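In what follows, a single structure is set out as structure tokens and then discussed.
Quick note: the coordinates plus some simple rules give every number you see, no bench work behind them. Here the structure is a predicted model, which means the values were calculated and not measured. Because the Cβ atoms are built from the backbone with ideal geometry, glycine has one as well, and the counts that use them run over all protein chains shown.
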Amino acid sequence: MSEQEKQPTADRDRTHKESGEDQASQQEVQDDGAQVSTDSTTPGVPEAAIPELVIISGMSGAGRSTAAKCLEDLGWFVVDNLPPALIPTMVELGARSQGNVARIAVVVDVRGRRFFDNLRESLADLESKNVTRRIVFLESSDDALVRRFESVRRPHPLQGDGRIVDGIDAERELLRELRGDADLVIDTSSLNVHELRAKMDAQFAGEEEPELRATVMSFGFKYGLPVDADLVADMRFLPNPHWIPELRPFNGLNEEVSAYVFNQPGAKEFLDRYAELLRLIAAGYRREGKRYVTIAIGCTGGKHRSVATAEKLAARLVAEGVETVVVHRDMGRE
């Protein structure tokens, strides 16, 4: 009779149980000895080690490469033109790096052609694993995109035998749903490389992520609505300082212009009520996980009323703890 058979039945059962527990315990440990939680959302990866993920996408020619290089300079691990189906794998590899790859940025666009169709499935996979991801969408007007493609004498990736505008139209249709899901939309139509980098720095350079970041942008209606605006306010209900000869040469940054604007009936009341409305909206944005908001303040030329109001509103947001960037899109264009 073997030694195992000589053991009492209770002892043999206890031995098998302990052996099974040892095997289960070993399965919870990686080859390198790192402990793995059995309820980890990513198999074989500690949940705390899952890296932060940013997906950069948008229109071809809108500045995706510049945005990616900016994040790379900020210490992000950047992968360009990665097939969407491989994004979950990239996240898992980052998680296994033992903290060496804590932030990953992936550039995804229509250059992947048929691979781009897998993006929706990959996003659903990431959500099921509780991976925190943000989508940055680079937008631009048709005119600006055509000029950029013509300046470099390159075809649009989707134009085929057609024109550049045909490729742009096809790309917009493909990206429509992704743009709607984006956490941050940046319109680069009137931005140069340095201005785009400044916007990316403003959103990603901080070590600690604030609850909500706001961009307050003044603009002129005669130059068109900002396409990346989440909220738009129209200040044309106030008298225009343009028709005051001594104020016309100045802009809304001037104290006399600002005083003139806010001495008009309804101006201060509007600012108070709009700031209150923004507090309500901001609370909803936080609940929905939206971290970025662009508030556009417009007047006729984007020089006087909108600039003065944008400055006052931004000061209110800063006083309430909202990290705020002020952009005067059209000031100086007249």
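For the range 183-244, the set of GluC sites (Glu not before Pro) satisfying both a DSSP loop assignment and a count of at most 15 other C-beta atoms within 10 Å is given as E207, E208, E211.
The trypsin sites (Lys or Arg not before Pro) of the range 152-210 meeting both criteria, a DSSP state outside H, G, I, E and B (loop) and at most 14 other C-beta atoms within 10 angstrom of the site's C-beta, are R153, R163. Farthest towards the positive end of the charge dipole of the range 228-321, among the residues F262, Y274, P239, is the Cα of Y274, using unit charges on the Cβ of Lys, Arg, Asp and Glu. Loop-located chymotrypsin sites (Phe, Trp or Tyr not before Pro) in the range 204-274 (DSSP state not H, G, I, E or B) with no more than 15 neighbouring Cβ atoms inside 10 Å: F237.
Across the cross-link table entries K222/K312; K69/K303; K69/K312; K69/K222; K222/K268, which are compared at the Cα atoms, the separations over 31 Å belong to K69/K303; K69/K312; K69/K222.
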